[in-house]
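Notes for the one structure printed next.
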Amino acid sequence: MFASALAHYDMLSPGDRVLAAVSGGPDSVALLHFLRRIGPEAGIALHVAHLHHGLRGKDADDDAEFVRSLAQRLGLPASLGAADTLSLKAEQGGSVQEAARRARYAFLEATARSAGANKIALGHNEDDQAETILLNLLRGTGPKGLTGMPPVRLPYIRPLIETSRAEILAYCEREGLACREDPSNLKTDYLRNRIRHKLLPLLESEYHPGVRRSLLRLARLLSDDASIAEEAAELSWRDTVSSHTGERTIFSRPVFEALPAALQRRLLRKAIEAASGDLMGVSFGTIEGILASFRERLPFEHTLPGGLAHVAGDSGFLKVARSVNLPEIAPFAYPLAVPGVAVIPETGQKITARYLPESPAAFPLPESGEAVLDADRLRGPLTVRNRRAGDRMQPLGMQGSKKLHDLFIDRKIPRSERPRLAVVADEGKIVWVAGIALSELVKVTGRTQRWLWVRIEEAGRSGGSEPSGVSSDCLL
């Protein structure tokens, strides 16, 4: 019953350490029992996680004790956390459910890191999926929202996503599994619960008894279509982005405005997610409002829901960035050891450099925030700094040199952003403007014997340190 989704979506591999999110309800208890049973054969290790949201008093206390006792009986390590959801709601805005969701996912990801888990198993089932699709439809979602919850979006996996709630309850009864029931799931104060207890039963009884299956089939079809659209968006991203450094993306206006509206929406959502961390509160209306302002060809600025990011546009660019008060950037310069990391406190970024023992399978574009250089064409030492008056470089593919000032104008980099851009210099010669351009002087050729990989990213990020197309065991 559960195993088919595991195999279909290739959710588990031998050696995985899996954090199981357990609330104490039938779904999560069945999930934990099943993973515990197949653990030895599948070659996986389990760790239990439970978050007390601070919302239901003694009921929530009893839930936490139930999960702690269950993990102990199964001989599994457990991490129990607590959150003040109401305070989080007051600080961050949104509904109580949104605050609880943010707290829950932050807890799970922090616990996975501390437990050394590479996957987080969630107990969402087939009925949850149908409810999510209908909920998104009622809220006015686009095609992506109609695909529902992805079975796999690492580190998250959903082994029960193709199992109905009725099948899960039958499994619990057959196996004699004790469970907790959250009384708030029965209330119809929340839209999701009204969909679960009122709308879906009405649709089944009065309109179409197979409506749940129809919703799930729609999700699968749209998911297949979405994968093709995502590939097209990825190609367009490479052509359209003139600068991308973690939480700030700048699109070239002429290229962006020539794209079909469907690709414009996807690229804008991708940049917003990179800037703010998620797309909570970003509706179809939000995206259309930004694009409407963009098409007027006048300077504009939008602050996004939640205030975490803003979008600005002018005659030559479209910028999406995390909302921070950007201070004036003083001149900076830091040594970049190889291998090593140069942290830039002035911009909150870091540049990592590593040698590669062989040519990578695929070369990242220097505009993507990564680049590969011919290490033997560098004299060293390397320095990370911001621009200086009169700086020049020879961009990839050009015969002569060019002033950085002119390069920034060509790439539609806003004037306010230019002092924040980091360059990697080799004995005074600029070899890479991070996220913008690579120098012709250090390009990789068929005669290259040593490869140097560099990446710029936000200094607080701990993941994503491997070169594109290169496995970690290839790094020196």
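In this structure, is Leu137 without any contact (Cβ under 8 Å) to a residue 12 or more places away in the chain, under 18 Å from Arg196 (Cα atoms) and assigned to a helix (DSSP H, G or I)? For Leu137, the condition - without any contact (Cβ under 8 Å) to a residue 12 or more places away in the chain, under 18 Å from Arg196 (Cα atoms) and assigned to a helix (DSSP H, G or I) - is met.
Listed here are the residues, each with its yes/no results for (1) in contact with a Pro (Cβ under 8 Å, 6 or more places away or on another chain); (2) modelled with pLDDT of 90 or more.
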residue: Ser28; (1), (2): no, yes
residue: Leu32; (1), (2): no, yes
residue: Arg36; (1), (2): no, yes
residue: Ile44; (1), (2): yes, yes
residue: His50; (1), (2): no, yes
residue: His53; (1), (2): no, no
residue: Phe66; (1), (2): no, yes
residue: Ser69; (1), (2): no, yes
residue: Gly75; (1), (2): no, yes
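For (1) farther than 30 Å from Lys89 by Cβ; (2) buried (at least 19 other Cβ atoms within 10 Å of the Cβ); (3) at pLDDT 85 or above; (4) hydroxyl-bearing (Ser, Thr, Tyr), each residue gets a yes or a no:
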{"site": "Glu206", "(1), (2), (3), (4)": "yes, no, yes, no"}
{"site": "Leu218", "(1), (2), (3), (4)": "yes, no, yes, no"}
{"site": "Asp239", "(1), (2), (3), (4)": "yes, no, no, no"}
{"site": "Ala275", "(1), (2), (3), (4)": "no, yes, no, no"}
{"site": "Gly289", "(1), (2), (3), (4)": "no, no, yes, no"}
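Out of Ala361, Ala425, Ala389, one residue alone is out of contact with any His (no Cβ under 8 Å at 6 or more places or on another chain), touching a residue at least 60 places away in the same chain (Cβ under 8 Å) and among the hydrophobic types (A, V, I, L, M, F, W, C). It is Ala361. Does Gly142 count as within 25 Å of Phe2 (Cα to Cα), touching a residue at least 60 places away in the same chain (Cβ under 8 Å) and touching a helix residue (DSSP H, G or I) at 6+ places or on another chain (Cβ under 9 Å)? The answer is no for Gly142.
In the set Arg418, Arg354, only one residue is touching a Phe, Trp or Tyr at 6+ places or on another chain (Cβ under 6 Å) and modelled with pLDDT under 90; that residue is Arg418. Which of the residues spanning the stretch 68-106 are over 25 Å from Arg192 (Cα atoms) and among the hydrophobic types (A, V, I, L, M, F, W, C)? Within the stretch 68-106, Leu70, Ala71, Leu74, Leu76, Ala78, Leu80 qualify. Could you tell me whether Ser214 is at pLDDT 85 or above and either among the basic types (Lys, Arg) or over 23 Å from Ala321 (Cα atoms) (or both)? Yes; evaluated as a whole, the condition is true for this residue.
Regarding Glu41, is this residue surrounded by 15 or more Cβ atoms within 10 Å (Cβ to Cβ) and among the acidic types (Asp, Glu)? No.
When you look at Leu137, is it of a type outside the set (Asp, Glu), more than 17 Å from the chain's Cα centre (by Cα) and closer than 20 Å to Arg266 by Cβ, yes or no? Here the answer is yes, as Leu137 does meet what is asked. Being in a loop (DSSP other than H, G, I, E, B) and at pLDDT 90 or above: is that true of Gln449 here? Yes: the conditions hold for Gln449. If the condition is being among the charged types (D, E, K, R), without any contact (Cβ under 8 Å) to a residue 24 or more places away in the chain and more than 21 Å from Arg101 (Cα to Cα), then the stretch 273-306 contributes Glu288, Glu296, Arg297, Glu301.
Restricting the search to the stretch 11-47, which residues are within 19 Å of Asn125 (Cβ to Cβ) and part of a strand (DSSP E or B)? Answer for the stretch 11-47, where residues must be within 19 Å of Asn125 (Cβ to Cβ) and part of a strand (DSSP E or B): Val18, Leu19, Ala20, Ala21. Any residue that is exposed (fewer than 14 other Cβ atoms within 10 Å of the Cβ), within 22 Å of Val48 (Cα to Cα) and not charged (D, E, K, R) - is there at least one of those in the stretch 99-110? Scanning the stretch 99-110 turns up at least one residue that is exposed (fewer than 14 other Cβ atoms within 10 Å of the Cβ), within 22 Å of Val48 (Cα to Cα) and not charged (D, E, K, R).
Please indicate, with yes or no, whether at least one residue in the stretch 121-139 is closer than 20 Å to Arg37 by Cβ and in contact with a strand residue (DSSP E or B) (Cβ under 6 Å, 6 or more places away or on another chain). Yes - at least one qualifying residue is present in the stretch 121-139. In this structure, does Ile228 turn out to be at pLDDT 90 or above, β-branched (Val, Ile, Thr) and out of contact with any Cys (no Cβ under 7 Å at 6 or more places or on another chain)? No, not satisfied. Residue by residue through the stretch 337-354, note down the ones that are of a type in the set (A, V, I, L, M) and either assigned to a loop (DSSP other than H, G, I, E, B) or not assigned by TED's automatic domain parsing to the domain that holds Val433 (or both). Listed by number, the residues that qualify are Ala337, Val338.
The values are calculated or read from the model by the stated rules, or taken from the named source; none is laboratory data. Here the structure is a predicted model, which is why all the values come from computation and not from measurement. Virtual Cβ from ideal backbone geometry, glycine too; neighbours counted across all protein chains shown.
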